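Undergrad: So that we are looking at the same thing, I have put the structure below in structure tokens.
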Amino acid sequence: MATGEHFMATDIEWDPTGRYVATSVTSVHEMENGFHIWSFNGKLLYRIPRDQFYQFLWRPRPPSLLSPEKEDEISKNLKRYSKKYEAEDQDVSLQLSEQDRKKRKTIQEEWENWVARWKAMQEEEKEARWMLRDGEASDEEEEYEAKEVEVEEVIDVRQEIITFDDDQN
């Protein structure tokens, strides 16, 4: 458990679920008005300052649409229900991963087709390139020259006068 401090706090309110607690400083004090929301174990989640803050209230939880008997039945059979829904979630996740796999495969095939078309086009144009280079074969990868170009750009020029005191010993 953590501990925290809210300086000048005037009110402390637990939310209806018991998961969060809010501390607030109302406009009784002229400074530091606002509220903090903390987790159940003391971790500060939100710090909200508000001028002329008068009251902090949690939004009421709506009444359950289930009867108390139905709520009891659900809590007793929660493991069975959770297994059912976890299986459904896993099926959906597998279906999504299958769709992703198909999409990746389609993209890979498109790429391979493009590379094959490019290579075929290169082969078709090989003789024309050879003729343009006066019969010199320069399609080989080793026959290129790499140049490294460095560009220097001055962004800002600033002159400053700095004085030094000689009396500092």
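A short reminder: the numbers here are calculations on the coordinates, not readings from a lab. Please read these numbers as outputs of a predicted model, since none were measured by experiment. In this analysis, Cβ positions are derived from the backbone assuming ideal geometry, glycine residues included, and neighbour counts consider all displayed protein chains.
Undergrad: Looking only at GluC sites (Glu not before Pro) in DSSP loops with at most 13 other Cβ atoms within 10 Å, what is the longest site-free stretch of the chain?
TA: Working: sites that count: 5, 30, 32, 136, 140, 141, 142, 143, 145, 148, 150, 152, 153, 160.
Looking at the chain, 33-135 is the longest stretch - no exposed GluC sites (Glu not before Pro) with at most 13 other Cβ atoms within 10 Å.
Undergrad: If neighbour count is taken as other Cβ atoms inside 10 Å, put 10, 3, 26, 106 in order from fewest to most.
TA: Placing the least packed residue first, the sequence is 3, 106, 10, 26.
Undergrad: Further question: Evaluate the distance, in nm, between pseudo-label points positioned 7 Å from the Cα of residue 123 and of residue 87 along their respective Cα→Cβ axes.
TA: It works out to 5.4 nm between the two label points.
Undergrad: Hey, what did the chain get for relative contact order, percent, Cα under 8 Å, at least 6 apart? Could the numbers behind the result be given before it?
TA: Details: 118 pairs, mean separation 17.9, N = 169.
So the answer I get is 11 percent.
Undergrad: Using the count of nearby Cβ atoms within 10 Å as a rough guide to exposure, how do 134, 11 rank from fewest to most?
TA: Numbers: 134 6, 11 15.
So the ranking, lowest neighbour count to highest, is 134, 11.
Undergrad: Quick one, which of (i) 15.5; (ii) 31.0; (iii) 25.7 is the actual mean projected area of the Cα convex hull in nm² calculated for this model?
TA: (ii)
Undergrad: What does the extension gain come out to for residue 156 and residue 97, with contour length at 0.36 nm per residue minus their alpha carbon separation? All intermediate terms of the calculation are to be shown ahead of the outcome.
TA: On the way: separation 59, 0.36 × 59 = 21.24 nm, distance 5.21 nm.
Roughly 16.0 nm would be gained on extension.
Undergrad: Let me ask something else about it. As an exercise, use a Förster radius of 22 Å and the Cβ-Cβ distance of residue 30 and residue 58 to find the FRET efficiency, rounded to the nearest 0.05.
TA: So the FRET efficiency works out to roughly 0.30.
Undergrad: What 222 nm value per residue comes from the helices of the chain, counting each DSSP H run with n ≥ 4 as -39,500 (n - 2.57) and dividing by all residues, nearest 500 deg cm²/dmol?
TA: Values: 2 runs with 64 residues, N = 169.
That calculation yields -14000 deg cm²/dmol at 222 nm.
Undergrad: Report, ordered by chain and residue number, the lysines lying within cross-link reach of residue 70, taken as a straight Cα distance under 17 Å and ignoring same-chain residues fewer than 8 apart.
TA: 79
Undergrad: Also, quick follow-up: Starting with the fewest neighbours, write out 130, 111, 38 ranked by other beta-carbon atoms found within 10 Å of each beta-carbon.
TA: 111, 130, 38
Undergrad: Which far-off residues, 5 or more places away or on another chain, put their amide H under 5 Å from the one on residue 20, with H placed in the peptide plane?
TA: 15
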